[in-house]
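Only one structure is covered here, and it is reproduced in the block below.
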Amino acid sequence: MARKGLGLKLRDRDDIITTEGLIMRVLGYDHPPGAWFCEPLYAPCSIFRSADPRAPRTALDGGLYFKFYGDEGWKFVMDSFPAYRLFHEPLGAYLVGVREDRIRAVRKTDEGLRAFLNSGLHDELSRALRELLDELTAISSLRLADLGLFGSMLHRFYHPKLSDIDLVIYGLRALEEAREALKALYVSGGRFRNEFGPGWAPKRAGWPWINMRPDEFRWHQARKLIYGFFSSREAGRWVKFELEPVRSWPEIRNRYDPRERIRKLGWAILRAVVSDASDSAFMPATYGLEDVRFIEKPRGAEEPEQAICYVDEFRLQAEEGEEVLIAGWLEEVEGPRSVRYQIVLTYGPRYHEQVLKVVGPPGA
């Protein structure tokens, strides 16, 4: 993962600030030399405005930014900023990405947490962050080195009285330990509760996911355990938090192979059994599939051996042995020695028609 020039070593959830001030999040771990595929996060008001009341962000220096939601950022960059269209050789298509020569600065999640804790900031959300870290490390063997910081607090866009706490958890071992710790804290019925507990309901009118009902969504999100609230004594309120899984450095392998050729065959809907969910926590979430049965398929389609999800909502979505319904884009991948098929959920057309869900989950 080391790069020439700036010598950057970046991984999923690290943020890049471009020469125009766009803030992009590194997406996954598979990138060409000297560049990174990214997800657009924020844009300065000088180049983008949003009518969404959730979007404005004010930096500590007074600068105004707008947050992108859904695939809004992808569309904006692809339509308006060709400098941030990065060619993906296997796909034969342009994706959102940043080359080293367009980078003004980077903000890494691990360094960001250490910098924040050493910043001297003492507002109620800063104190609540320390309080949350103390709770997590007290009930487990997690160390601060297992955690990072992303989102508005990493960029100092946060509102002390309103913002959430967004943490990164590094590696499978730490993730499983954190989930066990959170499960115990939720069950205790004290100061912690699962965000997607029985009282959860969509906050906005107009449910976006066409092939997944709100009750199904709630069931899937609740058992991930990484989204919650805690009653912060320091903030004097229930503070929302999340722990996003990111691979530890020893777990990272850059699998970008310019020799491969990926051909999009078309839209597919299928049922299958998950044979391997060991990589489902990370970006992209990958699920091994068996017993595949097509409901709808494009011409020339063969049964996919895996599902690959670039949509956050479908990470940690299913466990081994569970039957799932998947709607997405079927692809043929031709490598130097073999041909394989996969179904992909990603940004672009039919975004909210995509789905990966357990068939008939209990309680949903």
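The values are calculated or read from the model by the stated rules, or taken from the named source; none is laboratory data. The structure displayed is predicted, hence computed values, not measured ones. Cβ: placed from backbone, ideal geometry, glycine included. Neighbour counts: every protein chain shown. Heads up: the accessible areas ignore ligands, DNA and RNA and are worked out on the full protein's heavy atoms, side chains in. Shrake-Rupley method; radii C 1.70, N 1.55, O 1.52, S 1.80 Å.
With θ taken as phi - 60° and the Karplus curve 6.51 cos²θ - 1.76 cosθ + 1.60 applied, the whole-hertz 3J(HN,Hα) list for region 94-109 is 8, 10, 6, x, 10, 8, 4, 6, 9, 9, 8, 7, 10, 10, 8, 5 Hz, x standing for glycine and proline. For region 219-254, the set of trypsin sites (Lys or Arg not before Pro) satisfying both a DSSP loop assignment and a count of at most 15 other C-beta atoms within 10 Å is given as Arg233, Arg253. For region 1-83, the percent of C-alpha pairs falling in each 10 Å distance bin, counted from 0 to the bin holding the largest distance, reads 17, 47, 28, 8, 0.
Send over the per residue convex hull volume for region 42-146, Cα only, as a whole number of Å³.
Each residue corresponds to 188 Å³ of Cα convex hull volume.
Derived scalar couplings between HN and Hα for region 326-343 equal 10, 10, x, 9, 7, 10, 9, 10, 9, x, x, 10, 7, 10, 9, 10, 8, 10 Hz in order, rounded to whole Hz, by the Karplus curve 6.51 cos²θ - 1.76 cosθ + 1.60 (θ = phi - 60°), x for Gly and Pro.
Ranking Gly21, Leu60, Trp36 by how far each Cα lies toward the positive end of the dipole of region 1-116 (charges on Cβ) leaves Leu60 at the top. In order along region 129-137, the phi-based Karplus estimate (6.51 cos²θ - 1.76 cosθ + 1.60, θ = phi - 60°) of 3J(HN,Hα) comes to 4, 4, 4, 5, 4, 4, 5, 5, 6 Hz; Gly and Pro are listed as x. Other residues within the sphere of radius under 10 Å centred on the Cβ of Arg173, judged by their own Cβ, net out at -4 (K and R +1, D and E -1).
Could you check how much of the accessible area of region 241-364 is carbon and sulfur, as a whole percent, using a 1.4 Å probe? Accessible surface attributable to carbon and sulfur in region 241-364 totals 43 percent.
Is the chain rounded, prolate or oblate when judged by the Cα gyration tensor, a ≥ b ≥ c being the square roots of its eigenvalues, rounded requiring a/c under 1.5 and prolate requiring a/b larger than b/c?
Taking the square roots of the gyration eigenvalues as a ≥ b ≥ c, the chain is oblate.
Normalised by 2.2 N^0.38 Å, where N is the number of residues, the C-alpha radius of gyration of region 269-346 stands at 1.02. Normalised per residue, the accessible area of the chain is 45 Å², obtained with a 1.4 Å probe and no contribution from ligands, DNA or RNA.
Computed about its Cα centre, the charge dipole of region 5-100 is approximately 160 debye, with only Lys, Arg, Asp and Glu carrying charge at their Cβ. Placing +1 on the Cβ of every Lys and Arg and -1 on the Cβ of every Asp and Glu, with nothing else charged, gives region 292-364 a dipole about its Cα centre of roughly 180 debye.
The amide H of Leu8, built 1.01 Å from its N in the peptide plane, has Arg3 as neighbours under 5 Å, considering only residues 5 or more places off or on other chains.
For Leu86, the residues whose amide H sits under 5 Å from its own are Leu95, Val96, Gly97, ignoring neighbours fewer than 5 places away on the same chain, with H placed 1.01 Å from N. If a/c stays under 1.5 just call it rounded; otherwise compare a/b with b/c (prolate if a/b is bigger, oblate if not). Do that for region 180-262, with a ≥ b ≥ c from the square roots of the Cα gyration tensor eigenvalues. Oblate. From the alpha carbon centroid of region 312-364 to that of region 116-162 is 33 Å. The value for region 228-363 of Rg(Cα) / (2.2 N^0.38 Å) is 1.22. How much of the accessible area of region 1-98, probe 1.4 Å, is carbon plus sulfur, in whole percent? C and S atoms contribute 54 percent here.
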